[in-house]
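Trainee: Sharing a structure with you now.
The values are calculated or read from the model by the stated rules, or taken from the named source; none is laboratory data. Source: prediction; values computed, not measured. Cβ: placed from backbone, ideal geometry, glycine included. Neighbour counts: every protein chain shown.
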Amino acid sequence: MIVNSFSSSNANTVAPYAPLGRQPVGQENNDLKSSSLKALEQSAALARNENHRVPDGLPDRENQRPANTDGQAHDAQTDKQKDQRAQSDAKSVQKDQLIKDQVKISTLLALDREVRAHEHAHAAVGGQYAGAPTYQFVKGPDGVNYAVAGEVSISTSSVPNDPEATIRKAQQIRAAANAPANPSGQDRSVAAAATNLENDARIALIDQRNSEVQAREKLAEEQTKAQKAEEAKINVQDEQYRNEQKQELAQQEADAARRSAERVNSFAKADSKTINISRHLVDIGVAKGLPTLGNFLNHRV
């Protein structure tokens, strides 16, 4: 609200604004002049629409300003421009967000491919010693889940009582750990563990072969001892057999000598008996004399 000090007779010239339903300043009736109520303050646009009055014969000082309708059009145009700018800003923000989302999707897609290729390489080379890949996912702006990390479990234990098989297993584990293009720190750690497993298996293999050599040498020694013992046993048996043969031969010779002596004795007894018979025949007169030995035997009685 504007307050001035001009007289009431010139008030309309200087202040041509009046509230709605009231006379211009200086032309009020007595009741309004004596009223103690003040006029209500209004907005500039409402004052222009309802209170702008120009006395006859005076130039319109407000011609330099837009008319009431022009002001409304100007305000509408300003609001429209604001709306257009707001829409443009919204589209710009939406476009920027779309670009950011697309970049994020491209990044997630590339990471997903890299992670899957990485874990697939582990599983493919690990073979029977590797498990199936497992992944950790992140949902992208498009609502699709993308793998951002993964792992493949793998057995790093030795093959019981078989160093050669353990060496082959360790070599395969190391190849599986180094299979991806860019092995991680964990991959290199597994490869190092596989190398240690292989070294331990090689030491165990050397010990096993040494033990096998010693076992073969011991077996050969035992076999040699057994063979010598068998030969000694055979020699003893042969000596015993020879002794038995000697004893048997001696017994046979003794038996032959005994039988020969018995025959001689038998012959001697027979000769003595024959002589006695001949003498008896001579004594009884059957025979003329004692024949000589041999003739009597050929003599028929």
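Trainee: Report, by residue number, each residue of the stretch 141-196 that is touching a His at 6+ places or on another chain (Cβ under 8 Å) and β-branched (V, I, T).
Mentor: Answer for the stretch 141-196, where residues must be touching a His at 6+ places or on another chain (Cβ under 8 Å) and β-branched (V, I, T): V152, I154.
Trainee: Right, another one. Please determine whether any residue of the stretch 248-268 is assigned to a helix (DSSP H, G or I), within 60 Å of the chain's Cα centre (by Cα) and surrounded by 10 or more Cβ atoms within 10 Å (Cβ to Cβ).
Mentor: Within the stretch 248-268, none of the residues are assigned to a helix (DSSP H, G or I), within 60 Å of the chain's Cα centre (by Cα) and surrounded by 10 or more Cβ atoms within 10 Å (Cβ to Cβ).
Trainee: I'd like to know if the stretch 86-102 contains one or more residues that are charged (D, E, K, R) and in contact (Cβ under 8 Å) with a residue 24 or more places away in the chain.
Mentor: yes
Trainee: Same structure, new question: Can you name the residue in the stretch 123-139 that is in a strand (DSSP E or B) and of a type in the set (S, T, Y) and, of all such residues, is farthest from the chain's Cα centre (by Cα)?
Mentor: So, considering only residues that are in a strand (DSSP E or B) and of a type in the set (S, T, Y), the one farthest from the chain's Cα centre (by Cα) is Y135.
Trainee: Within the stretch 136-152, is there a residue that is within 19 Å of R188 (Cα to Cα) and surrounded by fewer than 17 Cβ atoms within 10 Å (Cβ to Cβ)?
Mentor: Yes - at least one qualifying residue is present in the stretch 136-152.
Trainee: Being touching a Ser or Thr at 6+ places or on another chain (Cβ under 9 Å) and at pLDDT 90 or above is true for just one of A226, A201. Which residue is that?
Mentor: A201
Trainee: For the stretch 174-195, what are the residues that are part of a helix (DSSP H, G or I) and exposed (fewer than 12 other Cβ atoms within 10 Å of the Cβ)?
Mentor: Answer for the stretch 174-195, where residues must be part of a helix (DSSP H, G or I) and exposed (fewer than 12 other Cβ atoms within 10 Å of the Cβ): G185, Q186.
Trainee: Residues of the stretch 140-178 being under 12 Å from the mean Cα position of the chain (by Cα) and either over 30 Å from Q208 (Cα atoms) or in contact (Cβ under 8 Å) with a residue 60 or more places away in the chain (or both), which ones?
Mentor: Residues satisfying the conditions are G150, E151, V152, S153.
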